[in-house]
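For reference, the structure discussed in these notes is given below.
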Amino acid sequence: MMFPDGDTYVCKSCGQIKEKGREQTIATKSENKEMTVIKEDVPTMPKTRIACPECSHSEAYFSLRQTRSADEPETRIYRCCKCSHTWREY
């Protein structure tokens, strides 16, 4: 897997380096497989319907984190799909 590092992508396992924006597919050294480099941000978090306290948009990404002790319920962290405002519910 290639990770961004400044103006390049670097493979953590084999050390291969490629410049950003130059190639869309990259062949690996170990096998003759190609992988696609995703250039734009692709939201991978789940979405839910909840009103944003900043812009009142009705959809947000969410995640659950255990921010307190184990016997307390987890914290729900939301990020608005429209304005990227982040808030939490305990």
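The values are calculated or read from the model by the stated rules, or taken from the named source; none is laboratory data. Since we're looking at a predicted model, the values are computed, not measured. When we count neighbours, we look across all protein chains shown, and the Cβ atoms used for this are built from the backbone with ideal geometry, even at glycine.
So which residues in region 76-85 are in contact with a Cys (Cβ under 8 Å, 6 or more places away or on another chain) and either loosely packed, with under 13 Cβ neighbours inside 10 Å or outside any strand (DSSP E or B) (or both)? If the condition is that a residue be in contact with a Cys (Cβ under 8 Å, 6 or more places away or on another chain) and either loosely packed, with under 13 Cβ neighbours inside 10 Å or outside any strand (DSSP E or B) (or both), then Lys82, Cys83, His85 are the ones that fit.
Among the residues of region 36-58, the one identified as surrounded by 10 or more Cβ atoms within 10 Å (Cβ to Cβ), modelled with pLDDT under 85 and touching a Ser or Thr at 6+ places or on another chain (Cβ under 7 Å) is Met45. From the list Arg79, Arg68, the lone residue that is at pLDDT below 90, basic (Lys, Arg) and under 30 Å from Tyr9 (Cα atoms) is Arg79.
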